[in-house]
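Below: one structure, written as C-alpha cells.
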Amino acid sequence: MTVTYEPSFLRDYRGLFEEVRRRAEKQIRLLLQNPRHPSLRARKIEGYKDIYEARITEGYRMTYKMVGETFRLRRIGTHEIYRAP
C-alpha cells in the first residue's frame, strides 16, 4: 500500500497545530499498516461512492479515496467540517 496527497490535504495539513500533525502522521502510518485498525474508526462516508473517513483525534478527521493499492488523502480537519450541510 502507498499514499498520495491531494493539494487540498497538504493545504489543510499545513494549517494544523503541531500536535495534530504528529498524530496525523501516526494515523497515516497505521492506515498503511492496517486500514481496519480500531483507532482509525475508518468508515465509508454516506452519499459518496468511494470516499472514506478516518479518525485523527476526537475532533479531527481525514478523508481518503482508495485507488488500486493507493490511499489518496483528500482532506484533513476538524470533525465539524464533515458534518456541515
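For Glu46 and Lys65 in the same chain, what is the full-extension length gain: residue separation times 0.36 nm, less their Cα-Cα distance, in nm?
5.5 nm
Output the relative contact order of the chain, whole-number percent, from Cα pairs under 8 angstrom with separation of 6+ residues.
Relative contact order comes out at 34 percent.
Quote to one decimal, in nm, the extra length available between Arg36 and Phe17 on full extension: 0.36 nm per residue of separation minus the C-alpha distance between them.
4.2 nm
What number comes out for the charge environment of Met1, summing +1 per Lys or Arg and -1 per Asp or Glu over other residues with Cβ under 14 Å away?
+3
Test of understanding: express the Cα radius of gyration of the chain as a ratio to 2.2 N^0.38 Å, with N the residue count.
Taking N as the residue count of the chain, the ratio is 0.99.
Apply the Karplus curve 6.51 cos²θ - 1.76 cosθ + 1.60, θ = phi - 60°, to the phi angles in region 16-27 and return the couplings in whole Hz, x for Gly and Pro.
Result, rounded to whole Hz: 7, 5, 4, 4, 5, 4, 4, 5, 4, 4, 4, 5.
Values quoted throughout were computed directly from the atomic coordinates according to the rules given, and no laboratory measurement underlies them. Since this is a predicted model, take the numbers as computed values, not measurements. As a convention, Cβ positions derive from the backbone with ideal geometry for all residues, glycine included, and neighbour counts pool all protein chains shown.
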